[in-house]
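Novice: Pasting in a structure now, in structure tokens, and then I'll have a few things to ask.
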Amino acid sequence: MSKLGDLGAKLYRGEVGYDFVGKRFIWYGVSILITITAIVALAVQGLNMGIEFKGGAVFTTPKTAVSVAKATEVAQKASGHDAIVQELGTGGLRIQISGLDTNDAAGVKKQLATDLKVGEADINADLVGPSWGDQIANKAWTGLGIFMVLVVIYLAIAFEWRMAVAALIALIHDLTITVGVYALVGFEVTPGTVIGLLTILGYSLYDTVVVFDGLKEGSKDITKQTRYTFSEIANRSINGTLVRSINTTVVALLPVGALLFIGGGFLGAGMLNDISLSLFVGLAAGAYSSIFIATPLVVDLKEREPAMKALKKRVLAKRAAAAAKGESPEDEGYEDESTPQVVSQGRAGRRR
């Protein structure tokens with residue numbers, strides 16, 4: 001067995017582990033700091049909305065000897081607006097001008113043909129009105145709202161309302177970080193970005209549900225024993241799925257990273273940036289929130305219950321009594337007959 005596989009087996013059996021829940025306030029502080037940074041970036045810089053949302057025009061030219069820098073200068077002079085120019089594999093240019101009035105597009109197209117030394121009829125123009133962008137934005141918000149409501153309802157039915165609340169906070173956390181990164185780097189927000197955001201929400205939720213499933217099974221009949229507190233069982237559930245979460249996240253990030261850094265950066269296919277950045281940041285944030293945010297939040301909410309407070313007192317009292325007698329918590333007879341099974345990934349684990 002590989003070292004990683006051996007570590008995963010030990011984590012699954014509870015032989016080793018990291019106290020994620022015990023150090024949760026550190027992770028809360030890190031998340032709050034990152035979230036504040038994202039909000040400040042949004043407030044100061046804002047989002048660079050694409051023409052699908054602001055309206056504008058995209059001109060595609062045939063092969064031309066004019067450089068990207070020169071074409072950018074020409075397009076901005078002809079339109080009076082900022083322009084984004086990309087070189088196509090055919091040798092032509094893709095000129096995107098946001099905020100351009102559709103009534104002025106014909107004049108800009110004519111000027112581009114003259115300055116770029118290509119035929120006006122050979123330039124393809126795609127015009128987008130701002131009203132269409134508003135419709136896209138409204139549908140995106142509607143879809144996001146419906147998704148969030150369905151998530152809360154499902155988790156409240158399948159698990160409990162505390163897990164639904166924790167998962168919702170984790171999803172909002174992931175969204176805020178991803179959108180904040182877009183504001184910081186200045187990448188365009190397009191319909192592809194929205195698709196990427198919805199995709200990473202589903203991924204983040206899946207990772208969170210796996211941990212919640214282990215926690216649900218592990219905390220069954222928890223009040224009938226005096227060996228583990230709820231927070232300890234929650235921590236074992238996180239550790240039991242840790243290696244799996246890391247593996248799936250890394251495997252998912254590799255192809256997305258190739259799109260972002262190689263396709264969008266090295267090869268210059270800038271059109272890949274809008275969706276690949278949201279996927280890359282969102283996948284990483286989703287894995288982080290599933291481990292460090294969602295389950296610790298459930299612990300904070302759950303341990304407010306009188307039953308969980310009473311359980312914690314009994315567990316600590318039992319341990320203090322055992323220590324006074326010079327016994328170890330692992331000694332025979334210390335564990336109640338009804339000690340709950342601590343499981344991970346939805347499968348029953350061995351009794352500890």
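Novice: Taking just the alpha-carbon atoms of the range 132-233, what radius of gyration and Dmax come out, in angstrom?
Specialist: Rg then Dmax for the range 132-233, in Å: 17.4, 61.
Novice: Step through the residues of the range 219-230 one at a time and calculate ³J(HN,Hα) from phi using the Karplus curve (6.51 cos²θ - 1.76 cosθ + 1.60, θ = phi - 60°), rounding each to whole Hz and writing x for Gly and Pro.
Specialist: Values, residue by residue: 9, 5, 6, 5, 6, 8, 10, 9, 9, 10, 8, 4 Hz.
Novice: Output ³J(HN,Hα) for the range 122-128: one whole-Hz value per residue in order, computed from phi by the Karplus curve 6.51 cos²θ - 1.76 cosθ + 1.60 with θ = phi - 60°, and x for Gly and Pro.
Specialist: Each residue's phi maps through the Karplus curve to give 7, 8, 8, 10, 10, 9, 10 Hz.
Novice: Principal axis extents for the range 55-172, Cα atoms only, whole Å, descending order, please.
Specialist: 66, 29, 21
Novice: State the Cα centre-to-centre distance between the range 293-324 and the range 217-264 in whole Å.
Specialist: That distance is 22 Å.
Novice: With labels modelled as points extended 7 Å from the Cα through the Cβ direction, what inter-label distance (nm, one decimal) is found for Ala317 paired with Ala65?
Specialist: Here the answer is 9.2 nm between the modelled labels.
Novice: Ignoring ligands, DNA and RNA, what percent of the accessible area of the range 93-135 is carbon or sulfur (1.4 Å)? Write down the numbers at each step before the final one.
Specialist: On the way: 1030 of 2340 Å².
That fraction is 44 percent.
Novice: Related question: Determine the sum of side-chain charges near Leu205: Lys and Arg each +1, Asp and Glu each -1, restricted to other residues whose C-beta is under 15 angstrom from that of Leu205.
Specialist: Counting the neighbours of Leu205, the net charge comes to -3.
Novice: Can you tell me the FRET efficiency between Gln111 and Thr199 if r is taken as the Cβ-Cβ distance and R0 is 56 Å, rounded to the nearest 0.05? Don't skip to the end; give the middle numbers.
Specialist: Numbers: r = 40 Å, r/R0 = 0.71.
According to the calculation, E is roughly 0.90.
Novice: So, one more: Karplus couplings for the range 300-314 from phi (6.51 cos²θ - 1.76 cosθ + 1.60, θ = phi - 60°), rounded to Hz, Gly and Pro as x?
Specialist: 4, 6, 5, 6, 7, 5, x, 5, 6, 5, 5, 4, 4, 4, 5
Novice: Working out 0.36 nm times the residue gap between Ile169 and Lys224, then minus their Cα-Cα distance, what length gain in nm do you get to one decimal?
Specialist: On the way: separation 55, 0.36 × 55 = 19.80 nm, distance 3.07 nm.
Value of the extension gain: 16.7 nm.
Novice: Something else: What is the percent carbon and sulfur in the accessible area of the range 179-309, measuring with a 1.4 Å probe over the protein chains and ignoring ligands?
Specialist: Numbers: 3500 of 4860 Å².
C and S fraction of accessible area: 72 percent.
Novice: Return one whole number: the accessible area per residue of the range 119-170 in Å², for a 1.4 Å probe. The partial results should precede the final answer.
Specialist: Values: 3100 Å² over 52 residues.
Using a 1.4 Å probe on heavy atoms only, each residue of the range 119-170 averages 60 Å².
Novice: Hey, what's the range 209-257 come to in accessible area per residue, 1.4 Å probe, Å²? Walk me through the intermediate numbers first.
Specialist: Values: 1730 Å² over 49 residues.
Heavy-atom accessible area per residue stands at 35 Å².
Novice: For the pairs Lys220/Lys325; Lys54/Lys117; Lys139/Lys216; Lys224/Lys313; Lys216/Lys309; Lys110/Lys139, note any where the Cα-Cα span goes beyond 25 Å.
Specialist: Working: Lys220/Lys325 30 Å; Lys54/Lys117 29 Å; Lys139/Lys216 35 Å; Lys224/Lys313 13 Å; Lys216/Lys309 18 Å; Lys110/Lys139 35 Å.
Where the Cα-Cα span goes over 25 Å, the pairs concerned are Lys220/Lys325; Lys54/Lys117; Lys139/Lys216; Lys110/Lys139.
Novice: Here is a further query. How many angstrom lie between the Cα centre of the range 35-81 and the Cα centre of the range 84-109?
Specialist: Going from one Cα centre to the other spans 10 Å.
Novice: Which one of Ala234, Val211, Thr199 is farthest out on the positive end of the charge dipole of the range 177-251, using unit charges on Cβ (Lys, Arg +1; Asp, Glu -1) and the Cα centre as origin?
Specialist: It is Ala234.
Novice: For a Förster distance of 51 Å, can you work out the FRET efficiency between the beta-carbons of Arg304 and Val251, rounded to the nearest 0.05?
Specialist: Numbers: r = 37 Å, r/R0 = 0.73.
Efficiency, rounded to the nearest 0.05: 0.85.
Novice: Using a 1.4 angstrom probe, figure out how much accessible area the range 48-104 has per residue, in square angstrom, rounded to the nearest whole. Please report the intermediate quantities before stating the final value.
Specialist: On the way: 2740 Å² over 57 residues.
Roughly 48 Å² per residue, with all protein chains present.
The values are calculated or read from the model by the stated rules, or taken from the named source; none is laboratory data. Computed from a predicted model, the values in this text were never measured in an experiment. Backbone-built Cβ (ideal geometry, glycine too); neighbour counts: all protein chains shown. The protein model used for the area step is the full one, side chains on, heavy atoms only, and it has no ligands, DNA or RNA in it. Shrake-Rupley method; radii C 1.70, N 1.55, O 1.52, S 1.80 Å.
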